[in-house]
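The values are calculated or read from the model by the stated rules, or taken from the named source; none is laboratory data. Since we're looking at a predicted model, the values are computed, not measured. Here the Cβ positions follow ideal geometry from the backbone for every residue, glycine too, while neighbour counts run over all protein chains shown.
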Amino acid sequence: MRHRVAGRRLGRSTGHRRALFRNLITELFRHERIKTTEAKAKAIRAQAEKMITTAKRGQRADGNALHARRRLVAALNDPLIAKKVFDDLAVRFEDRPGGYTRILKLGPRKGDGAKMVLIELVE
């Protein structure tokens with residue numbers, strides 16, 4: 001029974017899964033839209049939105065800016081992408097109370113029939 005077990009394992013070891021999620025989220029922020037499988041998109045959606053919320057909290061003048069920036073740099077593969085999240089995306093979504101991503105279904109993948117989606121940042 002899977003009672004109260006959170007998260008998706010996607011048939012990968014812990015380190016492989018963490019690296020996959022980190023890469024997907026970094027590329028989502030870099031390109032603002034990526035094409036991936038439905039399971040992977042649903043798995044990274046919550047983490048990506050929490051990172052944007054962290055950046056928004058770091059924009060406030062209560063002394064948490066450096067801590068929030070360091071958390072983003074640690075969580076993403078590229079410090080320039082962390083800067084983009086902090087400086088561009090947090091400002092873009094400052095009036096939005098959540099729901100920064102959208103998942104659009106594209107249909108099955110040709111080779112193996114996996115459900116493909118487009119996950120993107122909303123405008």
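Observations on the model:
- For first residues located in the stretch 78-93 and within 18 Å of F21 (Cα to Cα), partners that are among the hydroxyl-bearing types (S, T, Y) and lie 6+ apart or on another chain with Cβ distances below 6 Å form the pairs D78/T26; I81/T26.
- Any chance E32 is on the phi > 0 side of the Ramachandran plot and among the charged types (D, E, K, R): yes
- Cβ separations smaller than 8 Å between residues 6+ apart or across chains give the following pairs from the stretch 105-120 residues that are more than 16 Å from L24 (Cβ to Cβ) and small (G, A, S) to residues that are part of a strand (DSSP E or B) and at pLDDT 95 or above: G107/K115; G107/M116.
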